[in-house]
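Okay, so here's the structure we're looking at.
The values are calculated or read from the model by the stated rules, or taken from the named source; none is laboratory data. Source: prediction; values computed, not measured. Here the Cβ positions follow ideal geometry from the backbone for every residue, glycine too, while neighbour counts run over all protein chains shown. Quick note on the areas: whole protein, heavy atoms, side chains included, nothing else; ligands and nucleic acids left out. Shrake-Rupley method; radii C 1.70, N 1.55, O 1.52, S 1.80 Å.
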Amino acid sequence: MNPLNQPIIDRALANGVALEMQGAVAVVRLSRPAKRNALNDGLVEALRDVFQNLPPEARAAVIHGEGEHFCAGLDLSELKERDASEGIHHSRGWHVALNAVEQGRVPVVAALHGAVVGGGLELASACHIRVADDSTFYALPEGTRGIFVGGGGSVRVPKLIGAARMTDMMLTGRVYNAVDGERVGFAQYLVPTGGALAKAIELASRIATNAPMTNFALTHALPRIAEQPADHGLFTEALMASIAQAAPEAKSRVRAFLEGKAAKVQKAD
Ligand code: 1HE
């Protein structure tokens, strides 16, 4: 840990976000269980600060929630009488924090259980991989509370499940259970109740062994390429591919395979 970052990490903890290193994996915990990890302003700022100041040794991160739920979304007790201008800045503050998760230095795996609702689902959607256990449920109660998503949900959630399903969730209050949530694309992994954190750490530990340039390409280049017109995307892909291939780590990994020293791709179970 860079000692200069310690005051930032201590302040984040006071605001409900704990950071612990497990090898090269930064394990970030939403730690406000009495309020179901509802995201108040202090907690959103703490998330931003932690992801902007991860220790240099971090090569991947996991985010999970303490208690019975991942996250109950926006802290509704802070939903004051904001005017339009204040509302814009509040939403933009969430965007900065969740961009710090999505566009930070390392891939982030979310370990989900219980409620993943409202802003909690927006946070989960900003992660690169989602592991859900059987207790997980997904909802966007903003629709029934007379508000709209403001933490990037209208950009990120349709990328996972499509705009039609998100519209349905918000218009009708539909809640997806863990099995259907994996089927529609919220989570890439579904594990028995209580198993999400261990699985997420296992995946993050594996991700941490990738060449850093590969992880960068997947978290920073791929999302942009996917949104570019095909011709621009192919051009960007060629640039990214050449940069990744040129890295000494790529050359040594390819050489190891050709010399029979690296693992083959195994048939899936
Ligand atoms: C809260 C919040 C919260 C719980 N803000 N205090 N999000 C929602 O509309 C979801 C609201 N929460 C719930 O539906 C339920 O709390 C849960 C399904 C998540 C969990 O139920 P349960 O039975 O385990 O807990 P609980 O008894 O409802 O809540 C425990 C305490 O947490 C209680 O406070 P207490 O002082 O009475 O003990 C609750 O009031 C409190 N609590 N959730 C404030 N969300 C950037 S825009 C994003 C917009 C949104 O996210 S809107 C969706 C908001």
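Listed by first and then second residue, the pairs linking a residue in region 182-202 that is polar (S, T, N, Q) to a residue that is open to solvent by 60 Å² or more (accessible area, probe 1.4 Å), with Cβ atoms under 6 Å apart and 6 or more places separating them unless they lie on different chains, are T193/D134.
Any idea which of L171, L121 is open to solvent by 70 Å² or more (accessible area, probe 1.4 Å), of a type in the set (A, V, I, L, M), part of a helix (DSSP H, G or I) and under 28 Å from I88 (Cβ atoms)?
L171
Being more than 12 Å from the ligand (Cβ to nearest atom) and among the hydrophobic types (A, V, I, L, M, F, W, C) is true of M166. Would you mind stating whether R156 is more than 19 Å from the chain's Cα centre (by Cα) and among the basic types (K, R)? The answer is no for R156.
For residues that are of a type outside the set (D, E, K, R) and open to solvent by less than 10 Å² (accessible area, probe 1.4 Å), scanning just region 128-138, find the one that is farthest from the ligand (Cβ to nearest atom). The selected residue is V131. Scanning region 58-73 for residues that are farther than 12 Å from P33 by Cα and open to solvent by less than 40 Å² (accessible area, probe 1.4 Å) turns up A58, A60, A61, V62, I63, G73. Does V50 qualify as being in contact with a His (Cβ under 9 Å, 6 or more places away or on another chain) and either in the same structural domain as Q103 (by TED's automatic domain parsing) or at positive phi (or both)? So V50 does not fit the description; no. Does L19 count as open to solvent by 20 Å² or more (accessible area, probe 1.4 Å), outside any helix (DSSP H, G or I) and of a type in the set (A, V, I, L, M)? Criteria met by L19. Here N177 clears all of (1) closer than 26 Å to R29 by Cβ; (2) more than 16 Å from the ligand (Cβ to nearest atom); (3) of a type in the set (S, T, N, Q) except the condition numbered (2). Of G87, G65, G73, which residue is in contact with a Cys (Cβ under 9 Å, 6 or more places away or on another chain) and in the same structural domain as V106 (by TED's automatic domain parsing)? On inspection, the qualifying residue turns out to be G65.
Among the residues of region 53-107, those identified as aliphatic (A, V, I, L, M), in a loop (DSSP other than H, G, I, E, B) and away from the ligand (no atom under 12 Å from the Cβ) are L54, A58, V106.
I'd like the full set of residues that are assigned to a loop (DSSP other than H, G, I, E, B), in contact (Cβ under 8 Å) with a residue 24 or more places away in the chain and more than 9 Å from the ligand (Cβ to nearest atom), limited to region 143-157.
none
The sole residue among A246, A187 that is closer than 28 Å to G93 by Cα and either of a type in the set (G, A, S) or exposed (fewer than 14 other Cβ atoms within 10 Å of the Cβ) (or both) is A187.
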